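Enquirer: To start, I am sharing the structure in question, which I have written as structure tokens.
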Amino acid sequence: MPATDKKVIIFGAGMHGQQTLKMLGYEKVAYFLDNNAAKYGTFCNGKEIVGFDKIEANKDKYHFVIVSQYISSMKQDLAAHGISDFEVFRNYLFSYYETPELVFNPIVLIDITNACTERCSNCTRFCGNHKKPFFMDFETFKRAVDSMEGFPGLVALIGGEPTLHPEFERFMEYLQTRYPRQDRQKR
């Protein structure tokens, strides 16, 4: 928690920023700061979302709290605007992993089947123990892949054993058209 008498501006109006507002208390927070101009002038949990232009003249009156997965770039943004009174709010309850910073889960798993050649007693999904296995249809798979357009992380196929899916090769070919090899190597 910030140890300051200044009003706080939360940099990041996403889920973690909203949780931070609840923890700090409504009265302690002046605004949400965000880099998305489409959000400027809108409200999040009753607090206005602003850009740097709105707070530039009075920036020294505020203490800034970064609450986002984009910590490095947000620190650079603050420094570029001459803001040094800030901290990174680290709360492990908001993180996906136990790390000193909030992190982004970079993996989406698409479960295409529960068919499996094994019957492992410790399988939490009971793969291989079904009378009739589930196989995702191709249209559902396409919708799942297409819904992730612009997703910067890794997309993987899982199952019991995904290669047992009768259309596995077709699924992989479609996935590769949406996420070409050069894109995967950049991630």
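Throughout, read-outs are computed from the coordinates displayed, never taken from laboratory work. Quick caveat, the model's predicted, so the values are computed rather than measured. All Cβ positions, even for glycine, are placed from backbone atoms using ideal geometry, and neighbour counts span all protein chains on display.
Enquirer: With a 10 Å Cβ neighbour count serving as the proxy for reagent exposure, in which order, fewest first, do Lys6, Lys22 appear?
Expert: Least to most surrounded, the residues fall as Lys22, Lys6.
Enquirer: Here is a further query. If you place +1 on the Cβ of every Lys and Arg and -1 on the Cβ of every Asp and Glu, how big does the dipole about the Cα centre of region 107-186 come out, in debye to the nearest 20?
Expert: Roughly 160 debye, rounded to the nearest 20.
Enquirer: Which value, in debye to the nearest 20, describes the size of the charge dipole of the chain about its Cα centre when Lys and Arg Cβ atoms bear +1, Asp and Glu Cβ atoms bear -1, and nothing else is charged?
Expert: Value, rounded to 20: 200 debye.
Enquirer: Mean residue ellipticity at 222 nm from the helices of the chain, using -39,500 (n - 2.57) per DSSP H segment of n ≥ 4 over the full residue count, to the nearest 500 deg cm²/dmol?
Expert: My calculation for the chain gives -7500 deg cm²/dmol from helical runs alone.
Enquirer: Where does each of Phe151, Phe171 land when they are ranked from fewest to most other beta-carbon atoms within 10 angstrom?
Expert: Phe151, Phe171
Enquirer: Then there is this: What is the list of residues in region 48-74 whose amide nitrogen lies under 20 Å from a point 7 angstrom out from the Cα of Lys22, following Cα to Cβ?
Expert: Counting backbone N atoms under 20 Å from the label point, the list is 48-49, 65-69.
Enquirer: Report the extension gain between Ser84 and Phe126 in nm, rounded to one decimal, defined as 0.36 nm multiplied by the number of residues separating them, less their alpha carbon distance.
Expert: Between Ser84 and Phe126, full extension yields an extra 9.8 nm.
Enquirer: Work out from phi, with θ = phi - 60° and the Karplus expression 6.51 cos²θ - 1.76 cosθ + 1.60, the ³J(HN,Hα) of each residue of region 159-166, listed in order in whole Hz, and give x for Gly and Pro.
Expert: Using θ = phi - 60°, the values come out as x, x, 10, x, 5, 7, 5, x Hz.
Enquirer: Is region 107-186 best put as rounded, prolate or oblate by its Cα gyration tensor, with a ≥ b ≥ c the root eigenvalues, rounded for a/c under 1.5, and otherwise prolate when a/b is larger than b/c, oblate when not?
Expert: prolate
Enquirer: Could you pull out every residue, at least 5 positions away or on a different chain, whose amide H is within less than 5 Å of the one on Phe11? Hs are placed 1.01 Å off N in the peptide plane, and Pro or chain starts have none.
Expert: Result for Phe11 returns Leu33, Val65, Ile66, Val67.
Enquirer: When DSSP assigns beta bridges and you keep just the ones with both residues in the chain, what percent turn out antiparallel, to the nearest 5?
Expert: Roughly 15 percent of the DSSP beta bridges within the chain come out antiparallel.
Enquirer: Can you list residues from other chains, or at least 5 along the same chain, whose modelled amide H is less than 5 Å from the amide H of Leu154?
Expert: Placed amide hydrogens put Ile107, Val108 under 5 Å from Leu154.
Enquirer: Work out the FRET efficiency for Lys75 and Phe43 from their Cβ-Cβ distance, taking R0 = 30 Å, and round it to the nearest 0.05.
Expert: With a Förster radius of 30 Å, E is 0.70.
Enquirer: Right, another one. Would you pull out the residues with amide H under 5 Å of Val29's amide H, same chain only if 5 or more places away, H placed 1.01 Å from N?
Expert: Those lying under 5 Å, H to H, from Val29 are Val8.
Enquirer: Cysteines without a disulfide-compatible partner in the chain, using Cβ under 4.7 Å as the rule?
Expert: Singleton cysteines: Cys44.
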